[in-house]
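Student: There's a structure below that I have some questions on.
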Amino acid sequence: MKRITPMILAALLLGTVSASAGLKVVATTSDLGDLATLVGGEDVEVSILCPGDSDPHYLPAKPSLARKLGKADLLVYNGLELEVAWLPPLITKARNPKVRPGAKGDLDCSTALTEILDVPGRGADRGQGDIHPLGNPHYNLDPRAMVLVAQRMAARMGELDPDHAADYARRADAFAQAMRGKLREWETAIAPVRAGHILLYHQTWTYLVHWLGLDVYGEIEHRPGIAPSPKHVQQMVERGRELGDVIVVAATWSHIDVARRTAERIGAPLAVLPAATGAEDGIDGYIQLIDTIVARLVAAAGERGGP
């Protein structure tokens, strides 16, 4: 698979972050930080609160993070309550009116989406696990959604910094153009994976499998955030053995031991995938992230058996 390196992409987007950048942007996640860097180019300075190798559901609200927010002109965050456990306290501690809810420097990136998956129905409660009442927040793993997010970022940056509004829009358009070619490449490459079935550890991957059209037969963690019961795991194992051509998928921060044992019991390959930019060494940009995910799924498809 041909890889777009950070250097090539930087040349495409005609902009890199400089030490003298004007607009100070704080991103809650590494993927949003990468997009803010690409869209903002030389006109912004980007800081990231949650590194890519950490689970964005859980982040200690350290004073150092509040200090970053205290200097921000723009806060870009995932939304859909992904950061609900730690971002509101940080905003309070930061005492920065520019990024408080409703301010122009407050950007909930989920507002760019045209579709939100896994919105729970009436009667959903925390007894069913770590339920997100507004829907599944892991849209970062659908590149089509991230194109919309980049465009929304460009528009907001342009409002805050009108002198460079055209530059922000141009860079977002360049990112969208680059992604169109990559989408065709990824969707073609994933064909062998579509021929079988997927067992997820967690709902992290819902947007990814929805975009790629993969057949998911279940989740090991049947109640989000709660350790799976032996009975449920056994059901997933038995169903996987019946299907025969299964890939078990888990994130690098998931309970890999549980996912590995489940895969071994099924006789299926385990694909441990990075769920964010920076989750592993060498995954320094969003396109590299999706390149890696697709390549590992395709490799796993070559290892699985048939019915």
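Student: If a residue must be open to solvent by 10 Å² or more (accessible area, probe 1.4 Å) and either within 21 Å of HIS202 (Cα to Cα) or assigned to a helix (DSSP H, G or I) (or both), how many such residues does segment 88-106 contain?
Tutor: Going through segment 88-106 one residue at a time, the tally reaches 8.
Student: Residue check: is ILE287 touching a residue at least 60 places away in the same chain (Cβ under 8 Å) and either touching a helix residue (DSSP H, G or I) at 6+ places or on another chain (Cβ under 6 Å) or not acidic (Asp, Glu) (or both)? Before the answer, list the steps.
Tutor: Working: touching a residue at least 60 places away in the same chain (Cβ under 8 Å): yes; either touching a helix residue (DSSP H, G or I) at 6+ places or on another chain (Cβ under 6 Å) or not acidic (Asp, Glu) (or both): yes.
In short, yes.
Student: When you check ASP167 against the structure, is it surrounded by 20 or more Cβ atoms within 10 Å (Cβ to Cβ), touching a helix residue (DSSP H, G or I) at 6+ places or on another chain (Cβ under 7 Å), at negative phi and among the acidic types (Asp, Glu), yes or no? Lay out the reasoning, then the answer.
Tutor: On the way: surrounded by 20 or more Cβ atoms within 10 Å (Cβ to Cβ): yes; touching a helix residue (DSSP H, G or I) at 6+ places or on another chain (Cβ under 7 Å): yes; at negative phi: yes; among the acidic types (Asp, Glu): yes.
So ASP167 fits the description; yes.
Student: Does VAL298 satisfy the condition of being modelled with pLDDT under 95, surrounded by fewer than 20 Cβ atoms within 10 Å (Cβ to Cβ) and of a type in the set (Val, Ile, Thr)?
Tutor: no
Student: State all residues of segment 219-253 that are surrounded by 15 or more Cβ atoms within 10 Å (Cβ to Cβ) and at positive phi; if no residue qualifies, say none.
Tutor: Start the filter on segment 219-253 by keeping residues that are surrounded by 15 or more Cβ atoms within 10 Å (Cβ to Cβ), which leaves 219-224, 228, 232-233, 236-237, 239-240, 243-253.
Answer for segment 219-253, where residues must be surrounded by 15 or more Cβ atoms within 10 Å (Cβ to Cβ) and at positive phi: just GLY244.
Student: Tell me, yes or no, whether segment 42-64 has at least one residue that is in contact with a strand residue (DSSP E or B) (Cβ under 9 Å, 6 or more places away or on another chain), in a helix (DSSP H, G or I), of a type in the set (A, V, I, L, M) and open to solvent by less than 60 Å² (accessible area, probe 1.4 Å).
Tutor: Checking segment 42-64: not a single residue is in contact with a strand residue (DSSP E or B) (Cβ under 9 Å, 6 or more places away or on another chain), in a helix (DSSP H, G or I), of a type in the set (A, V, I, L, M) and open to solvent by less than 60 Å² (accessible area, probe 1.4 Å).
Student: Consider segment 223-269. How many of its residues are more than 20 Å from TYR58 (Cβ to Cβ) and over 20 Å from the mean Cα position of the chain (by Cα)?
Tutor: As a first pass, look at segment 223-269 and keep what is more than 20 Å from TYR58 (Cβ to Cβ): 229-249, 260-269.
When the remaining residues are screened for being over 20 Å from the mean Cα position of the chain (by Cα), the result is 229-247, 260-269.
Matching residues across segment 223-269 total 29.
Student: Follow-up. Hey, can you tell me all the residues within segment 196-217 that are at pLDDT 95 or above, out of contact with any Asp or Glu (no Cβ under 6 Å at 6 or more places or on another chain) and not hydroxyl-bearing (Ser, Thr, Tyr)? Spell out how you get there, then give the answer.
Tutor: At the first step, the residues of segment 196-217 found to be at pLDDT 95 or above are 196-200, 207-217.
Of the ones still in play, those that are also out of contact with any Asp or Glu (no Cβ under 6 Å at 6 or more places or on another chain) are 198-199, 208-210, 212-217.
Within segment 196-217, ILE198, LEU199, LEU208, VAL209, HIS210, LEU212, GLY213, LEU214, ASP215, VAL216 meet the criteria.
Student: Condition first: open to solvent by less than 70 Å² (accessible area, probe 1.4 Å) and under 13 Å from VAL147 (Cβ atoms). Now tell me which residues in segment 170-185 satisfy that.
Tutor: Listed by number, the residues that qualify are ARG171, ALA172, ALA174, PHE175, ALA176, ALA178, MET179, GLY181, LYS182, LEU183.
Student: Also, quick follow-up: In this structure, does VAL272 turn out to be open to solvent by less than 30 Å² (accessible area, probe 1.4 Å) and closer than 16 Å to TYR201 by Cα?
Tutor: Numbers: open to solvent by less than 30 Å² (accessible area, probe 1.4 Å): no; closer than 16 Å to TYR201 by Cα: yes.
In short, no.
Student: Within segment 206-307, considering only strands (runs of 3 or more DSSP E) that don't extend past its boundaries, which have at least 2 residues that are among the hydrophobic types (A, V, I, L, M, F, W, C)?
Tutor: Details: elements: 216-219, 246-251, 270-273.
Passing ranges, in order: 246-251, 270-273.
The values are calculated or read from the model by the stated rules, or taken from the named source; none is laboratory data. Predicted model, so just to flag it, every value in this text is computed and none were measured. FYI the Cβ positions are ideal-geometry reconstructions off the backbone, even for glycines, and counts take in every protein chain you see. Keep in mind that these areas ignore ligands, DNA and RNA; they rest on the heavy atoms of the full protein, side chains included. Shrake-Rupley method; radii C 1.70, N 1.55, O 1.52, S 1.80 Å.
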